[in-house]
Amino acid sequence: MSFTHWHGDMEAQYIYTAGIAGERFFRELKDNGKLVGTRCPKCDITYVPPRMYCEKCFAELDEWKDVPLEGEVVAHTEVHVDIEDNKLAEPFVIGFVRIDGTQGGLVHYIKAPEVRNGMKVKAVLKDDRVGSILDIEHFAP
Amino acid sequence: MEEKIAVVGAGSTKFRPDTSEQNWKELMFEGASKAYTDAGLNPRKDIDSFVTCAEDYWEGFSIYDEFVPDQLGAAMRPTCTVCGDGLHGLAIACMQIMSGMVDVVAVEAHSKISDLNTYNDVVLFAFDPIYNRPLAGHPYYVAGMEMNAFLNGSGNTEEQCAGVVSKNMTNALKNPLAAYGKRVGVGDVMGSEPMFSPAKKLDIAELVDGSVVLVLARAEKAKDIADNPIWITGFGWNSGTPWLEGRTWGRASYAEEAAKMAYKMAGIAEPRSEIGFAEVDDKFSYKELMHLEAVGLAGRGQAGNDLENGRFHADGDLPINASGGSLGCGNLIEASGLHRALEVVLQLRGQAEGRQLNDVERGLAQSWRGVPTASGAAAIFER
Ligand SMILES: [Zn+2]
């Protein structure tokens, strides 16, 4: 027996603002191929992605710091299914890379013959950048 | 805790993956009716306030709280919705009583997640829109990353996580509410499909529908209402950083802090010797081990060994998830924490039927809001 249902969906579109800190992060990435963070001098924390406030002491942050494209894999997983739970023909690895000299980092795809935690990797940038996290193609050794 | 508060009524639907014949209001009505009957109370006159736990996107409504009152007996009465787990709702209900404004409060949480065709997309919509969402993919990759970091950092193993699945799904065979009771061995889990390695198919709790309701009352009232009041002696809640980029991967800080808050209120200094059993979040197998270490019921890196030594089995020193947990009962979304509270209450009342634990006096319920959150709550119950 099948029961009565009404199919519903929701039209909802957003334009998410990158904000004061995000604007500068994405401009630097797009225009100069660089990563930047903000630093809290009191807590000695460098935030990547940058934030305009410190999570620990709640200070407003205006100290900007160029940070390297290099970092270390802290956590990773090999993904075998897509968002509809279908098996992927090619599994891929996604992970968290702690950017060197910072307390932050980025979640991104990692391409290497074998990914291990602690492995040194570097962001591989696209040539044509638009100001998005996808301007980074992936991280690789 | 100065103001004594008791659970005086408890009710729940069965947990089922498919509830096509019943709509979400009817599901809530069923859970509530059972709890009110259990308490012997008429919600239209005996219950002062109603709290439900829900999130618009799970429910498929804007301003979902408008749709709550009638099925709980709460029309034209003080009602509010908490956008959080059932244990967050329990904390709000306790505080309403502690404030002196009300004497008797009903708290409800449910899952009608089978109504949502695009669960994975809604979970992905909970990610940071600019830094994380553009990477797309199945959102459970965050759990795979966390499992990887936790196992690497703590020394617990994939086989031990598989042991959690085996224990919980087997426990669920004795729970008439559970949807996924099954005799499953470590080998079955290890051999199940890779999903978000190291997480495999059987490491991940399947979704389920259900509604859980508890009725709470202040001490003077509680003694009149119930023969077997179960006392809430402590509760706590906490949120870690929402930034995936700012987390200490492999550590459940939210659970550490929520438990600390609850222990302090309950006057518990040594949880390992003072808590007899617990229901902790196991939406993913590794989460049970991670949470046990976070709430101080196992030493750092020791939860897996303790499990293998039988400590957490139903006949062990510290039974964990005798209900079957989320792995055995199903992932009840925002009702997960309230289900854990319900199980602790039933065990303390001696009403846990075939899965009843012997001589239990005090239990912990602990919750996590699921991927991608770093939020959770905890509560202590005593006989
Ligand atoms: Zn600071």
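How many residues are small (G, A, S) and within 16 Å of the ligand (Cβ to nearest atom) if we restrict to the stretch A:7-42?
At the first step, the residues of the stretch A:7-42 found to be small (G, A, S) are A:8, A:12, A:18-19, A:21-22, A:33, A:37.
If we keep only those that are within 16 Å of the ligand (Cβ to nearest atom) as well, we get A:21, A:37.
Total meeting the criteria: 2.
One residue is enough: does the stretch B:73-85 have a residue meeting the conditions surrounded by fewer than 20 Cβ atoms within 10 Å (Cβ to Cβ), in the same structural domain as B:I113 (by TED's automatic domain parsing) and in contact with a Pro (Cβ under 6 Å, 6 or more places away or on another chain)? Working first, answer last.
Narrowing the stretch B:73-85 to residues surrounded by fewer than 20 Cβ atoms within 10 Å (Cβ to Cβ): B:75-80, B:83.
The next check asks that each one be in the same structural domain as B:I113 (by TED's automatic domain parsing); those that pass are B:75-80, B:83.
When the remaining residues are screened for being in contact with a Pro (Cβ under 6 Å, 6 or more places away or on another chain), the result is B:75, B:79.
Yes, that holds for at least one residue.
Given the criteria in a loop (DSSP other than H, G, I, E, B) and either over 21 Å from B:A93 (Cβ atoms) or not aromatic (F, W, Y) (or both), does B:R300 qualify?
Details: in a loop (DSSP other than H, G, I, E, B): yes; either over 21 Å from B:A93 (Cβ atoms) or not aromatic (F, W, Y) (or both): yes.
In short, yes.
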Checking the structure you have, find out if any residue of the stretch B:165-188 is within 14 Å of another protein chain (Cβ to nearest Cβ), surrounded by fewer than 17 Cβ atoms within 10 Å (Cβ to Cβ) and among the charged types (D, E, K, R).
no
Hey, could you check the stretch B:182-222 for residues that are in contact with a strand residue (DSSP E or B) (Cβ under 7 Å, 6 or more places away or on another chain) and charged (D, E, K, R) and say which is farthest from B:V164 (Cα to Cα)?
B:K221
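Mind checking which residues of the stretch A:43-76 are hydrophobic (A, V, I, L, M, F, W, C) and more than 10 Å from the ligand (Cβ to nearest atom)?
If the condition is that a residue be hydrophobic (A, V, I, L, M, F, W, C) and more than 10 Å from the ligand (Cβ to nearest atom), then A:V48, A:M52, A:W64, A:V67, A:L69, A:V73, A:V74, A:A75 are the ones that fit.
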Number of the condition not met by B:Y131 [criteria: (1) buried (at least 18 other Cβ atoms within 10 Å of the Cβ); (2) away from chain A (no Cβ under 13 Å)]
(2)
Just to verify a result, which residue in the stretch A:62-107, among those that are in contact with a helix residue (DSSP H, G or I) (Cβ under 7 Å, 6 or more places away or on another chain), of a type outside the set (A, V, I, L, M, F, W, C) and outside any loop (DSSP other than H, G, I, E, B), is farthest from B:Y141 (Cα to Cα)?
A:G105
Residue match in the stretch B:315-325 (condition: part of a helix (DSSP H, G or I) and either crowded, with 24+ Cβ neighbours inside 10 Å or not acidic (D, E) (or both)):
yes
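Which residue is farthest from the other protein chains (Cβ to nearest Cβ), if the candidates are limited to the stretch A:1-56 and must be part of a loop (DSSP other than H, G, I, E, B) and among the aliphatic types (A, V, I, L, M)?
If we filter the stretch A:1-56 for residues that are part of a loop (DSSP other than H, G, I, E, B), which is where we start, we get A:1-18, A:33-34, A:41-44, A:48-52, A:54-56.
Pick out the ones that are also among the aliphatic types (A, V, I, L, M) and you get A:1, A:10, A:12, A:15, A:18, A:48, A:52.
Working: A:M1: 8, A:M10: 8, A:A12: 9, A:I15: 10, A:A18: 6, A:V48: 7, A:M52: 14 Å.
Out of the qualifying residues, it is A:M52.
The values are calculated or read from the model by the stated rules, or taken from the named source; none is laboratory data. If you're wondering where the values come from, they're calculated on a predicted model, not measured in any experiment. Please note: Cβ atoms are built from the backbone with ideal geometry, for glycine as well, and neighbour counts cover all protein chains shown.
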